[in-house]
Amino acid sequence: MMALTAIVKRNLLVYLKDKENVFYTFLSMIIIIILMLLFMGDMNIEIVKGVLSDMDVFMEENPLPEEYLLPGTRNPSLDEANVRNLVLSLVIAGITIVNGISASMGMLSMMSWDEESGRLASYYVSPISRFVLVSGYIISAACLSFIFSTVTLAVSEIILLLTGGVMLSFTQILKVLGLILLNGFSTTSFLFFITGFAKTRSAFNGIANFVHIRSGFVTGMYIPIGMMPEIVRNFLVFIPMTELSAWFRKVFTKEALHNTFAGLPKEAVAEYGEITGISLKIGDTSISAWMQFALILGSGIIFILLSSLMMRKKNVRDR
């Protein structure tokens, strides 16, 4: 336990010691938040408002019984506020998980530095198990991911409030923090495994660039998952990051979704959830919360074990 604590403490201190790197990481995070909320948010707001207007016309021409409608009273005058709150909540959910992934990659770069400098060899000849070594890097990266994701959440919620939106309730915030912890564990375990194959910093940078580009698509932040081809959607549902992003969206948009579609057909809400990645399906089967949790937690445990096995097989002489 002492060895694990020492490794985590060492990694965090070394990373935070580079104040310039930390500053620019936070700066890039803030820029992404502002750009995504202001520009991407406004574009999607107009699209959703147009859909609501079309639904109003449809309801006038084809009245439906109340049992087919979402509970609540339809009030078009509130569309601007409700839609803005819904769309920005979706964007915040995507930003929170993607910034957490970026933070994990930043901390895991420590391993490539240790690998290239030969410091990692000293761990191999010490009486420290590979599982403890792997866990030390993963926990330190997960801690940084939690910090950056929490800051992203706080800054985004403040911006949401300033733009007329409604902040998350205390219960919702607790749920989001729990998901951030789960994201840090599962995602970092996977990232450690794939970056463990990099023996130089240039190789790590190549993997990091690949992850940064793909993470926005895998989480549905750039392109809504429901707009992707069916074969791609069926593949993505088995990726923990995709499941986490759906879970994030479900928590962030629970109230906003109900307020926006109150008095409209339930099918419209279900379809919007599928398009935006709030709910995921394999064919016609919806994925339950327990299935998501099992996939996310299970993948994290599997990748930790695989990483430990990989580190055990590495030859110190190759360093």
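The values are calculated or read from the model by the stated rules, or taken from the named source; none is laboratory data. Note that the structure is predicted; figures quoted are calculated from it, not measured. FYI the Cβ positions are ideal-geometry reconstructions off the backbone, even for glycines, and counts take in every protein chain you see. What goes into the accessible areas is simple: the full protein's heavy atoms, side chains included, and nothing from ligands, DNA or RNA. Shrake-Rupley method; radii C 1.70, N 1.55, O 1.52, S 1.80 Å.
Identify, from the list S89, S109, the residue that is open to solvent by 10 Å² or more (accessible area, probe 1.4 Å) and on the phi < 0 side of the Ramachandran plot. Criteria check complete, one pass: S109.
The sole residue among S126, S135 that is part of a loop (DSSP other than H, G, I, E, B), small (G, A, S), within 28 Å of G196 (Cα to Cα) and open to solvent by 10 Å² or more (accessible area, probe 1.4 Å) is S126. A Cβ distance below 6 Å, combined with a sequence gap of six or more or placement on separate chains, defines the contacts here; from the stretch 287-300, residues that are closer than 13 Å to A246 by Cα reach residues that are open to solvent by 30 Å² or more (accessible area, probe 1.4 Å) and in a helix (DSSP H, G or I) in the pairs Q292/W247. Taking the stretch 194-235 as the range and being part of a helix (DSSP H, G or I) and under 20 Å from R119 (Cβ atoms) as the test, the residues that pass are T195, R201, S202, A203, F204, N205, I207, A208.
Would you tally the residues in the stretch 184-202 being at pLDDT below 85 and open to solvent by 40 Å² or more (accessible area, probe 1.4 Å)?
Start the filter on the stretch 184-202 by keeping residues that are at pLDDT below 85, which leaves 196-202.
Those left that are additionally open to solvent by 40 Å² or more (accessible area, probe 1.4 Å): 197, 199-202.
Counting residues in the stretch 184-202 that are at pLDDT below 85 and open to solvent by 40 Å² or more (accessible area, probe 1.4 Å) gives 5.
Looking across T187, T171, one residue alone is assigned to a helix (DSSP H, G or I) and under 22 Å from T242 (Cα atoms). It is T187. What number of residues in the stretch 15-45 are modelled with pLDDT of 80 or more and either outside any helix (DSSP H, G or I) or open to solvent by 60 Å² or more (accessible area, probe 1.4 Å) (or both)? Result for the stretch 15-45: 2.
Does E243 satisfy the criteria of being open to solvent by 60 Å² or more (accessible area, probe 1.4 Å) and under 18 Å from the mean Cα position of the chain (by Cα)? Here the answer is no, as E243 does not meet what is asked.
For the residues I231, I278, I213, the requirement of being among the aliphatic types (A, V, I, L, M) and touching a residue at least 12 places away in the same chain (Cβ under 8 Å) singles out I278. Of the set (1) modelled with pLDDT of 90 or more; (2) open to solvent by 20 Å² or more (accessible area, probe 1.4 Å), all apply to L161 but (1). Within the option set F235, F217, being surrounded by 14 or more Cβ atoms within 10 Å (Cβ to Cβ) and among the aromatic types (F, W, Y) holds for one residue only, F217. Any chance the stretch 247-268 includes a residue that's open to solvent by less than 20 Å² (accessible area, probe 1.4 Å), touching a residue at least 12 places away in the same chain (Cβ under 8 Å) and at positive phi? Taking every residue of the stretch 247-268 in turn, at least one turns out to be open to solvent by less than 20 Å² (accessible area, probe 1.4 Å), touching a residue at least 12 places away in the same chain (Cβ under 8 Å) and at positive phi. For the stretch 70-80, the count of residues that are surrounded by 17 or more Cβ atoms within 10 Å (Cβ to Cβ) and either among the β-branched types (V, I, T) or assigned to a helix (DSSP H, G or I) (or both) is nonzero.
Filter the stretch 164-183 down to residues that are open to solvent by 70 Å² or more (accessible area, probe 1.4 Å) and without any contact (Cβ under 8 Å) to a residue 24 or more places away in the chain and give me whichever is nearest to I95 (Cα to Cα).
This residue is M167.
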